1. Sequence gap at least 6, Cα distance under 8 Å: using those rules, report the relative contact order of the chain to the nearest whole percent.
2. Using a Förster distance of 22 Å, how high is the FRET efficiency between Asp139 and Thr114, based on the Cβ-Cβ distance and rounded to 0.05?
3. Quick one: longest stretch of the chain between exposed loop GluC sites (Glu not before Pro), exposed meaning at most 16 other C-beta atoms within 10 Å and loop per DSSP?
4. Which order do Val18, Val36 take when ranked by solvent-accessible area (1.4 Å probe, heavy atoms of all protein chains), largest first?
5. If you place +1 on the Cβ of every Lys and Arg, -1 on the Cβ of every Asp and Glu, and leave all else neutral, what size is the dipole of the chain about its Cα centre, to the nearest 20 Debye?
6. Provide Thr145, Thr10 ordered by accessible surface of protein heavy atoms (probe 1.4 Å), highest first.
7. In whole percent, and with a 1.4 Å probe on the protein chains, what portion of the accessible area of the chain is carbon and sulfur?
8. Determine the shape class of segment 44-198: with a ≥ b ≥ c the square roots of the Cα gyration tensor eigenvalues, call it rounded for a/c under 1.5, and otherwise prolate if a/b is greater than b/c, oblate otherwise.
Amino acid sequence: MNHVPVYQMTDDELLSRVIYRDQLVIVMNKPVNMPVHAGPKGGPSFEDHFPQLQFGYKEMPRLAHRLDRDTSGCLVLGRNDRALRRMGRLFESGQVDKTYWAVTSAMPAKAKGTIDTPLRKVKLAKGWSMQPCGVNDPDAQQAVTDYTVLKTFDDGKALLELYPQTGRTHQLRVHLQSIDCPILGDWLYGDNTTRPESGDFPLLHLHARRIVFPLHHDQPPVDVTADPPAHFNAYL
């Protein structure tokens, strides 16, 4: 399935995307249309730039979690094994708070709410997708998302702030589709009109806006906010 080309990033831009750094972690503002790792088919990825983010350390930073290729924003890298183990425990125990921004192609019925809809992975003719399912489905994965409408627009679109309570694959995209508010530019879960047969795919309007986690026992939680990408500008 075709995408727009992988985002090309210069060395200077890479350093400008470092939004937090200490002895354990680096938080980057990941650009849209860049996979965090190469995947089974290879190709360019964000990991290609990690050697330039050692900042004098012998070890190269590694991914503490992942963002979809189409999603921009806060991405945490661990600078050593100790940091990665600590971040892994924080994610597993639900101590990492994440906030996302999304522009939706329609407004939700309520200005604030919770989407508590289990998801399951479904095989397609080409690839797979996540779909809502019942709680009794043997493949059901619990998925909960809180949301608040930040702004509405005359053309029916809305800017939402999202607070995922679980971390399922494509959770936010599927949850918003399930309440008839697909994310603008979502070629997989959005309106059929947003999914071209070939050529360039639209930019997804989903941004990992903020991440908060208690990394150091004797310090306040790390609290990092990432500026949204340029294609959000019209909705801010």
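The values are calculated or read from the model by the stated rules, or taken from the named source; none is laboratory data. All values reported here derive from a predicted model rather than from experimental measurement. Cβ: placed from backbone, ideal geometry, glycine included. Neighbour counts: every protein chain shown. Calculation scope for accessible area: heavy atoms of the full protein, side chains included, ligands and nucleic acids excluded. Shrake-Rupley method; radii C 1.70, N 1.55, O 1.52, S 1.80 Å.
1. Relative contact order comes out at 21 percent.
2. 0.45
3. 60-196
4. Val18, Val36
5. The calculated dipole for the chain is roughly 560 debye.
6. The ranking, largest first, comes out as Thr10, Thr145.
7. Roughly 47 percent, rounded to a whole number.
8. Verdict is prolate for segment 44-198.
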